[in-house]
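As structure tokens, the structure follows; a few thoughts come after it.
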Amino acid sequence: MKPLIKQPQSTALVTQTAQATRRKFLKQSGAVTFSGLAIAMLGGASHAHAAGTSDEAAQQDIRILNTAIAAEHEAVAAYQVGAESGLLSSEVLSVAVAFQGHHKEHVDALVKAVRSLGGTEVEPLAQYQFPVEKLKQQSDVLQFAAGLERGAVSAYAGAIPVFDNRDLAGAAASILADEAMHWAVLRHALGLDPVPGAFFS
């Protein structure tokens, strides 16, 4: 995708959305672990696979998985808002729909993980509070999406170091990598450096 604008007037929407996404993820998930995630995502888990996991740990896993599912549902809904805004060119729209499809795949994988632990997955909200009043042109939609993706990268990056299970870290990193690629593509579309530094912060 070619850069669509040379210099965006403001990246405030990116920053605000990213910070809100990370705060929501961390607030909802707390200090729990993802021990069931790797089991479920790396080979199709069953209750037997999680035999060594305590009930308390399993409940923590279900909680954090549902937090991730909720965030992914939000991303799916956000891309729907962008797709239906009428502000996107056909080229950008096709990319947005593809990214939305990735988030739907994340939901499917995370739902399988919750069910493998005997839990029930959260459903998407009937309505999300998106800053639609600020979406006046294509660049606004791109900044909004970039903020969501950056927030997702930040949330997953903050969670991975607390994993005890290295397979778990790898599974979470796989989703993080996809979110990071989305963020880079959106930054490029905004005329920004897609990879602004050697380290993410």
Could you please report the charge total around residue 62, scoring K, R as +1 and D, E as -1 over all other residues with beta-carbon less than 14 angstrom from its beta-carbon? -1
Using Cβ counts within 10 Å as a stand-in for footprinting exposure, how do 76, 153 rank, fewest first? 76, 153
Tally Lys/Arg at +1 and Asp/Glu at -1 over every other residue whose Cβ is under 11 Å from the Cβ of residue 179; what's the total? -2
With a Förster radius of 41 Å, plug the Cβ-Cβ distance of residue 181 and residue 56 into 1/(1 + (r/R0)^6) and report the FRET value to the nearest 0.05. 0.70
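Laboratory data are not the source of any read-out in this text; all were calculated from the coordinates shown. It should be emphasised that the depicted structure is a prediction, and the values quoted were computed from it without experimental measurement. Here the Cβ is made from the backbone with ideal geometry for all residues, glycine too, and neighbour counts use every protein chain on show.
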